[in-house]
1. When you go through (1) among the hydrophobic types (A, V, I, L, M, F, W, C); (2) surrounded by 16 or more Cβ atoms within 10 Å (Cβ to Cβ); (3) at pLDDT 75 or above one by one for B:Phe320, which number turns out not to apply?
2. Need the failing condition index for A:Ser43 against (1) in contact with an Asp or Glu (Cβ under 7 Å, 6 or more places away or on another chain); (2) assigned to a helix (DSSP H, G or I); (3) hydroxyl-bearing (Ser, Thr, Tyr); (4) in contact (Cβ under 8 Å) with a residue 12 or more places away in the chain, just the number.
3. Please find, among B:Gly273, B:Gly293, B:Gly283, B:Gly279, the residue that is in a helix (DSSP H, G or I), within 14 Å of chain A (Cβ to nearest Cβ) and in contact with a Ser or Thr (Cβ under 7 Å, 6 or more places away or on another chain).
4. Take segment B:83-107 and flag every residue that is assigned to a strand (DSSP E or B) and without any contact (Cβ under 8 Å) to a residue 60 or more places away in the chain.
5. If I filter segment B:1-49 down to residues being without any contact (Cβ under 8 Å) to a residue 60 or more places away in the chain and either more than 9 Å from chain A (Cβ to nearest Cβ) or closer than 30 Å to B:Phe315 by Cα (or both), which single residue comes out as surrounded by the fewest Cβ atoms within 10 Å (Cβ to Cβ)?
6. For segment A:141-159, how many residues meet the condition of being in a helix (DSSP H, G or I), surrounded by fewer than 22 Cβ atoms within 10 Å (Cβ to Cβ) and of a type outside the set (D, E, K, R)?
7. Over 23 Å from A:Leu185 (Cα atoms) and in contact with a helix residue (DSSP H, G or I) (Cβ under 6 Å, 6 or more places away or on another chain), is that true of A:Gly24?
8. When the residues of segment A:69-124 are narrowed to those that are within 22 Å of A:Cys54 (Cβ to Cβ) and surrounded by fewer than 16 Cβ atoms within 10 Å (Cβ to Cβ), which ends up farthest from the other protein chains (Cβ to nearest Cβ)?
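The values are calculated or read from the model by the stated rules, or taken from the named source; none is laboratory data. None of these values were measured; they are calculated from a predicted model. Using ideal geometry, Cβ is built from the backbone for each residue, glycine included, and neighbour counts are taken over all protein chains shown.
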Amino acid sequence: MIELSNIRKAFNQGRSNEYWALHGIDLSIEAGKVTAFRGPSGSGKTTLLTIVGCLSRPTSGRVRFKGEDISALPERFLTDIRRQSFGFVFQQFNLIKGLSALENVILPAFPSGRPRAELVARADELFARLQLAHRAQAKVEWLSGGEQQRVAIARALINDPEVIIADEPTANLDTALSMEFMAILEGFTAAGKTVLLTSHDPLVVESSAVHRVVGMRDGRLIGD
Amino acid sequence: MSPWLEKQRHLIDFTLASLARRKTRNLGLLVVYTLLVFVLASLTLYSNALRSEAKYVLAGSPEVILQRMVAGRHDLIPPGYLEKIGRIRGVQKKEGRLWGYYYDPVLKANYTFMARPASEVADGSIMVGEALARERGLARNNTISFRSYSGKLFSFEVAAVLSPDSELLSADLVLLSEGDFRRFFEYPDGHYTDIALSVANPQEVRNVAAKLTATLPDSRPILREEVQRTYQSVFDWREGILLTVLAGAILAFAILAWEKASGLSAEEKREIGILKAIGWETGDVIRMKIWEGLLISLTAFLGGFLAAYVHVFHFGAAVFTPVLKGWSVLYPKFALVPAVDGLQVATLFFFTVFPYTAAILVPIWRAAITDPDAVMR
């Protein structure tokens, strides 16, 4: 589903503080499976996820999504693909304070111009599935960490993407909440979604919900 | 609803929610912005209404007034001048006028005395303007005495108080018969203060003036359009003075707006990053922020303009009256006829709404083009 060939990524290229985060990554990611990237801080996991999720472009190399080369697409097309095909769950959740859980969840669908009633119905369905219906109208800053993460998950699913990208999803959760997240993860695979996540957490990478673990260090793959 | 319209609706919904989240800051800005529009709009509306009023009032005055000049000063029209003018093509009517100023030590104010034909005002009686009647406590059938410049005392009976509708013109006016006027001011027989001429065709006015100058070289024709222009200049000048005084306030607002617009908080920048990461295009973010700027500036413009309208046309522009209306002891009381000039509204709109909306664009654009992966770092 996603093929990466010789992906290299540099930050501050051409300046004195030039830094290469990825050094020629070749990887093929299968659809409908959960792939976890494991590695220490600075190993390039998150950078790789941003490239796969069309949040940034590689400095060199090619990204193919469903057979199409998306590495050189203009921003507008990249944004379309990102909105329609990828859902993101960030480490810090990145919810917008002052807005209700419902408002946060429907935000990614605004540019699509779908009617509000349809978006609210879809959000309600997601809240029910994530057992969050009673908190839909609450402002996100009033929610607990676990609830905030479920709001972030609902937001990632509002556009019904094929791929879910989660960056260190359990880093801010205790064991019980992490287990809850893994259960939700299994639900994703059951629904046929492809999941890519980064984690140090043994609870995640050793879980049976994860189909493949890819190790990384210093911007290189170190084997599955 | 089309997806495009639905999308704009979503953007406006989100913008309103964003504005509500930063209530104190946005309300503060809105109040200052509205106040500025209010002040500028009041000034514009009031000056414009006064100009319209002057134009309206002058519409009833003669097209040409002829004054005799001696050593560059206005002098009396000697006998025979009316006849010397003779028949000029285009002149419908010519009339010698008698008027003068009288200083009343009781009110410490100048009145304008004007002679009217005996058919309008009988000997021994006068008609007075509303402001004068108010200040001197006069009513119909009251008697009032004035001491003439030669020291003689004259008593008049008030035959009527002039209609308040004409107060802008007649506030300090005293109408009396020609005979009384000549006796009171010891005005020589056959002399007049000036000559009023009515010209039906506006195209002819300048030709008539040229012929008058040729016939009576010691006289000066004053055209109504020149008087109108002078009024315009006087109000333009007053408006200019007030604008200069207000320049500080306008500048302060500009600084406030610029600071607000250019100083995107870290929280706002973070939010823009999140929106981009979850699938908003740079254009969507910019559109949303333009909606935000437009909502603030249009609300301020409408609020400020409506408040100014009420202030000027319902409360008589209490704030600006002393500066704009001019100086007088006998202030006429008059309600301004609402007159709104489309071009002035457009100018005001351009100078208040446009700069603000433009000022917010650059920083928003700068923030909106940041890489969406920033939120992952």
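1. So B:Phe320 meets the others, but not (3).
2. The number of the failed condition is (2).
3. B:Gly273
4. Correct list: B:Tyr101, B:Tyr103, B:Asp104.
5. Restricting to residues being without any contact (Cβ under 8 Å) to a residue 60 or more places away in the chain and either more than 9 Å from chain A (Cβ to nearest Cβ) or closer than 30 Å to B:Phe315 by Cα (or both), the top hit is B:Thr24.
6. Of the residues in segment A:141-159, 3 are in a helix (DSSP H, G or I), surrounded by fewer than 22 Cβ atoms within 10 Å (Cβ to Cβ) and of a type outside the set (D, E, K, R).
7. no
8. Of everything passing the filter in segment A:69-124, A:Asp69 is farthest from the other protein chains (Cβ to nearest Cβ).
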